[in-house]
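Written out below as structure tokens is the structure these notes cover.
The values are calculated or read from the model by the stated rules, or taken from the named source; none is laboratory data. Predicted model only: the values in this text are computed from it and were never measured. Please note: Cβ atoms are built from the backbone with ideal geometry, for glycine as well, and neighbour counts cover all protein chains shown.
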Amino acid sequence: MSMETDQPAKPAGRVVTAETLSVAPGVLGQLLAEPWRRLVAMALDISVVGLLSLLSTPFLGLAIGVLLIVLLGNRREAPLLMKALRWLLRGVGVAVFALSLLALGHVSKVQSRGLNLEALTNRAESAALKETVFVPTNPSMSDLRVTNAQLQEQVETLKREYREQQVTGSSWLYQARAFTGALGVTFGWSGIYFTLIAGFLRGKTLGKFLLRIRAVKLNGKPLTFFDAFLRHGGYMAGLAMGLLGFLKLLWEPNRQAVEDRIVGTVVIKG
């Protein structure tokens, strides 16, 4: 006669684990970075991003290519879907890097100005709006006829541009271009900088390096490129919250701002 023992049924789906909730012994007791250090480090990093934004677009493309290649790391025990996505991103990254390298020889290395907000719509300023029609002080009938013709031409040009905007604005191609333009403005060099530098230096940016602070994961694992990418997303979330997400480090026991909460990090001295 066989004895049957009741085995607890395995829950279906993902379960709560202690990995992201526990703090590694090596992290406990570390000195937290003061808010002023983090503020100065961020100001320095923003200055570096401002300088990088002066580089021409192919340089941004080269950096994006590198980012796509390294973003998902090399973890062997990753799920099959993650491995497939990793190789897909690597392929796209190599293509972007190669195309940007080819374009680098055909453009100026430095932009004449920094961040270009026209990239949000990929639309140049209207030529008609740049024109100014002047009327002489004592115009003759001939002057008035010329001025009237110029004004009519300007109005017709504006009407035509407005109709073109209505047509192109509803097309999927225009929406895609607007999205990629917005990505370049909102993400752009800031995302590249905070992801690649913090990933390569394991939690340090140039500002953090100078202030002798760094971001570490609570579970004691190394900070990856993907963690750094998510931390940058936390910066965007903090801005969307009206800086409240950053001010949380003033009263949080472990001085965790919104980007630290998202990734599970703290910023320590040393």
For the range 75-88 the number of residues that are over 21 Å from Arg202 (Cβ atoms) and in a helix (DSSP H, G or I) is 8
Among the residues of the range 241-265, which ones are within 17 Å of Ala43 (Cβ to Cβ) and part of a strand (DSSP E or B)? none
Check off (1) in a helix (DSSP H, G or I); (2) buried (at least 21 other Cβ atoms within 10 Å of the Cβ) for Gly238 and give me the number that stays unchecked. (2)
Out of the residues in the range 35-59 meeting the condition of being surrounded by fewer than 17 Cβ atoms within 10 Å (Cβ to Cβ), within 17 Å of Ile197 (Cβ to Cβ) and not hydrophobic (A, V, I, L, M, F, W, C), tell me which one is modelled with the highest pLDDT. Ser47
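Go through Leu62, Leu67, Leu72 for me and flag whichever is of a type outside the set (Phe, Trp, Tyr), assigned to a loop (DSSP other than H, G, I, E, B) and either modelled with pLDDT of 90 or more or in contact with a helix residue (DSSP H, G or I) (Cβ under 6 Å, 6 or more places away or on another chain) (or both). So that I can check it myself, show each step before the final result.
Values: Leu62 fails: assigned to a loop (DSSP other than H, G, I, E, B); Leu67 fails: assigned to a loop (DSSP other than H, G, I, E, B).
Result: Leu72 is the single residue among Leu62, Leu67, Leu72 that is of a type outside the set (Phe, Trp, Tyr), assigned to a loop (DSSP other than H, G, I, E, B) and either modelled with pLDDT of 90 or more or in contact with a helix residue (DSSP H, G or I) (Cβ under 6 Å, 6 or more places away or on another chain) (or both).
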Checking the structure you have, find out if any residue of the range 207-227 is in a helix (DSSP H, G or I), touching a Ser or Thr at 6+ places or on another chain (Cβ under 7 Å) and modelled with pLDDT of 95 or more. yes
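I'd like to know if the range 35-53 contains one or more residues that are assigned to a loop (DSSP other than H, G, I, E, B) and aliphatic (A, V, I, L, M). Don't jump to the end; show me each part of the working.
Here is the first cut: in the range 35-53, the residues assigned to a loop (DSSP other than H, G, I, E, B) are 53.
Adding the requirement that they be aliphatic (A, V, I, L, M) leaves none.
Within the range 35-53, none of the residues are assigned to a loop (DSSP other than H, G, I, E, B) and aliphatic (A, V, I, L, M).
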